[in-house]
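What follows is a single structure, written as structure tokens, with notes after it.
The values are calculated or read from the model by the stated rules, or taken from the named source; none is laboratory data. Please read all numbers here as calculations on a predicted model, not as lab measurements. All Cβ positions, glycine included, derive from the backbone under ideal geometry; neighbour counts span all protein chains shown.
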Amino acid sequence: MSKAKVLKYDVFVAPESPFNGPPARVANSDPPAWDPKTATLIFGERDAVLVDALLTIREATALAKWIELHERRLTTIYITHGHGDHFLGLPVLLDRFPGARVVATKGTVELMRKNTTPDVLDNGFRARFPGQISDTTVLAEALDSMQFDIEGWPLVVVEAGHTDTFNTTSLHVPDISLIVSGDVAYNRCHMFASATTPESRTEWVAALDLLAALRPTAVVTGHKDPTQAMCRPRLTSHENTSNSTENNGKRV
């Protein structure tokens, strides 16, 4: 298969999303909100792969328009893990790009299925963002290999285990030394630690070490301060991650 001269990538950052429903604001705290979210487009001469699909209808609509500006054929959407803020925008994207294949690991698909039951959605994202979440949901197709490609260039799935939830992954693009980390790494915003334990946070640190061992030149995190550049290789933070419970969510 012929290869493009070089792969490139671009990052879309959806801004912080204030809650329009519960929980109520806690005294002397910031208004409850969901931290900024990223979606990453990896592209060659003709084709493109999107990593993660954002949350709301408005975010996904803006993301679709942004993808179109790159003038590539969107072949694949890869979902890093089963939190809804990374995949509930899929119906909007697939309406715009019906030929795109949505893929994830088996563990991610399992968590996507659990997180799209009516009870979970109605008491979660649809309660916090009423009228902003698509009425339909889409599940990914489970990959049968930990690697797929774009125009012959390999995209390698890195299984990270329990970081901010179960069965999380990152995507490694060796030919441009890029890691799209999903929620394995964060960039100057609130880590979602409320679903972790001291034992799982040790597993999280090990996942960061695993990504650092790949020696990336750039890391796109799942959530980032929009004013910050891409993360550079210093990924581990043993003293801040292994035992901390102070950052318990997306400003909730």
Can you confirm whether region 51-58 contains a residue that is of a type outside the set (S, T, Y), over 17 Å from the mean Cα position of the chain (by Cα) and buried (at least 20 other Cβ atoms within 10 Å of the Cβ)?
no
Applying the selection to region 49-66, what residues are in contact with a strand residue (DSSP E or B) (Cβ under 6 Å, 6 or more places away or on another chain) and β-branched (V, I, T)?
V49, V51
The lone condition M146 fails out of (1) surrounded by 14 or more Cβ atoms within 10 Å (Cβ to Cβ); (2) under 18 Å from the mean Cα position of the chain (by Cα); (3) within 28 Å of A206 (Cβ to Cβ) is (1)
With the requirement that a residue be under 12 Å from I77 (Cα atoms), out of contact with any strand residue (DSSP E or B) (no Cβ under 6 Å at 6 or more places or on another chain) and in a loop (DSSP other than H, G, I, E, B), what does region 90-137 give you?
P98, G99
Out of curiosity, is E151 of a type outside the set (F, W, Y) and within 18 Å of G107 (Cβ to Cβ)?
no
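Tell me which residues, restricted to region 173-185, are buried (at least 21 other Cβ atoms within 10 Å of the Cβ) and out of contact with any Cys (no Cβ under 7 Å at 6 or more places or on another chain).
Our first condition is that a residue be buried (at least 21 other Cβ atoms within 10 Å of the Cβ); within region 173-185, this holds for 173, 178-185.
Once the filter is applied, which keeps residues that are buried (at least 21 other Cβ atoms within 10 Å of the Cβ) and out of contact with any Cys (no Cβ under 7 Å at 6 or more places or on another chain), region 173-185 yields V173, L178, I179, V180, S181, G182, D183, V184.
Among the residues of region 52-66, is there at least one that is free of Cβ contacts under 8 Å to residues at least 24 places away in the same chain and among the basic types (K, R)? Can you show your working first?
Of region 52-66, the ones free of Cβ contacts under 8 Å to residues at least 24 places away in the same chain are 65.
Still in the running and among the basic types (K, R): 65.
Yes, because at least one residue in region 52-66 is free of Cβ contacts under 8 Å to residues at least 24 places away in the same chain and among the basic types (K, R).
Looking only at region 159-177, decide whether some residue is touching a Pro at 6+ places or on another chain (Cβ under 9 Å), at pLDDT 95 or above, part of a strand (DSSP E or B) and at negative phi.
Within region 159-177, the subset touching a Pro at 6+ places or on another chain (Cβ under 9 Å) is 172-175, 177.
Then keep just the ones that are at pLDDT 95 or above; that gives 172-175, 177.
Those left that are additionally part of a strand (DSSP E or B): 172-173.
Remaining after also requiring at negative phi: 172-173.
There is at least one residue in region 159-177 that is touching a Pro at 6+ places or on another chain (Cβ under 9 Å), at pLDDT 95 or above, part of a strand (DSSP E or B) and at negative phi.
Applying the selection to region 1-58, what residues are among the small types (G, A, S) and either modelled with pLDDT under 80 or under 16 Å from Q132 (Cα atoms) (or both)? Steps first, please.
Let us first name the residues in region 1-58 that are among the small types (G, A, S), namely 2, 4, 14, 17, 21, 24, 27, 29, 33, 39, 44, 48, 53.
Those that are among the small types (G, A, S) and either modelled with pLDDT under 80 or under 16 Å from Q132 (Cα atoms) (or both): S2, A4, A14, S17, G21, A24, A27, S29, A33, A53.
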Condition met for E159 (under 23 Å from L211 (Cα atoms), of a type outside the set (V, I, T) and surrounded by 13 or more Cβ atoms within 10 Å (Cβ to Cβ))
yes
How many residues are in contact with a Gly (Cβ under 6 Å, 6 or more places away or on another chain), at pLDDT below 95 and surrounded by 16 or more Cβ atoms within 10 Å (Cβ to Cβ) if we restrict to region 189-230?
1
